[in-house]
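Note sheet for the following structure.
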Amino acid sequence: MQAETSVPVQEPILTADSRLGVDPHFTRLFLIERLANAPAYLRTYDCDLWHQDRIPEGMKTRYAAVLILLVSRPEGVQVLLTQRTSHLKGHAGQISFPGGGVELADRNREETALRETEEEIGVSRDRIETLGAMPEYELNSGFRVTPVVGWIEPPYTVQPDPFEVQDIFEIPLKHFLAANNFQRRHYEHEGLVRKYLAAPYEGRYVWGATAGMLYFFYQLMRG
C-alpha cells in the first residue's frame, strides 16, 4: 500500500445538540418517518461520494443485510458495533455492524439482519424493535446490502460468537451526525486508487462500508 491521504468531508455540519438523543424530535417516530420516506429525503444525495461503488457490470449480485442497532441511553443514543476476529478470511479485525448474507429461509431483509445479529452477538430479536430500512448500499465486491435500523432499550446482554466477533461496543450516535467527523481517504495499490470514508472515534477505526453506511444514515437524518 502506498501513502494514504485524508481530507475532511465538505458538508454542512449539524448544530450542537441537534438530532441527538437529548433532542425531543429524535424519537423512534422521527426515525420511522425518515426511514419510510428515505427516497424523498435522499433525492439529492450523491451515492458515489467516495465510498459507495456501483456493482461492476456483469458481476454476480449477492444480497445481504446489516443491523444499525441504536441503543437508548440517558446520555444519548448509542450505535452498537462489533470488531471482527483477526483470523477471518474477509475483513479480519474490522469494525462492522452485525449482519450477513441473505438465506433462502429469510422472509425479508429485516429477518436477515435480526437472524445474523442473534447469531453473531446473541441479542434476541425479541428485544429489538425494527424501525425500517435504508435503501440498498452497493459494494464493488458485488454485494447489495440493506441497512436495517433497530432500536433497543437497555439493559441487554450479549453473547458474541467467538469465531466471528472479537469485541462488542457502543459509540455515541452524535459522533456520526456531524460531517466533520468523517474523513475522505484513499490509497493507491497496483495502479488502482481505492477511495473510502473513515470516522475514527477514541481509538476505534471505523472505515469502509461501515463508515459509508453511517454517512448515508447521517444524510438521511439531515434530510
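The values are calculated or read from the model by the stated rules, or taken from the named source; none is laboratory data. All values derive from a computational prediction rather than experimental measurement. Methodologically, a virtual Cβ is constructed for each residue, glycine included, from the backbone with ideal geometry; neighbour enumeration extends over all protein chains shown. Just the protein is used for accessible areas: all its heavy atoms, side chains included, with ligands, DNA and RNA removed. Shrake-Rupley method; radii C 1.70, N 1.55, O 1.52, S 1.80 Å.
Observations
- Filtered residues of the range 97-117 (kept if under 22 Å from residue 168 (Cα atoms), acidic (Asp, Glu) and open to solvent by less than 70 Å² (accessible area, probe 1.4 Å)): 111, 116
- Members of the range 122-142 that are within 13 Å of the chain's Cα centre (by Cα) and open to solvent by less than 30 Å² (accessible area, probe 1.4 Å): 134, 137, 138
- Of the residues 100, 93, 21, the single one that is part of a loop (DSSP other than H, G, I, E, B) and modelled with pLDDT of 70 or more is 93.
- Residues that are buried (at least 19 other Cβ atoms within 10 Å of the Cβ) and among the hydrophobic types (A, V, I, L, M, F, W, C) number at least 3 in the following strands (runs of 3 or more DSSP E) confined to the range 143-199: 143-152.
- Pairs meeting the criteria (first residue in the range 54-65 and assigned to a strand (DSSP E or B), second residue modelled with pLDDT of 80 or more and among the hydrophobic types (A, V, I, L, M, F, W, C), beta carbons under 6 Å, at least 6 apart or on different chains) are 62/143; 63/102; 64/143; 64/145; 65/113; 65/148.
- Entry remark, the range 86-121: residues being within 18 Å of the chain's Cα centre (by Cα) and among the polar types (S, T, N, Q) number 4 in total.
- Selection from the range 209-223 of residues that are open to solvent by 10 Å² or more (accessible area, probe 1.4 Å), of a type in the set (Gly, Ala, Ser) and in a helix (DSSP H, G or I): 209
- Being within 24 Å of residue 99 (Cα to Cα), open to solvent by 50 Å² or more (accessible area, probe 1.4 Å) and either modelled with pLDDT of 60 or more or over 19 Å from the mean Cα position of the chain (by Cα) (or both) is a condition met by at least one residue of the range 38-48.
- Condition broken by residue 79, with the remaining ones in (1) open to solvent by 10 Å² or more (accessible area, probe 1.4 Å); (2) touching a His at 6+ places or on another chain (Cβ under 9 Å) satisfied: (1)
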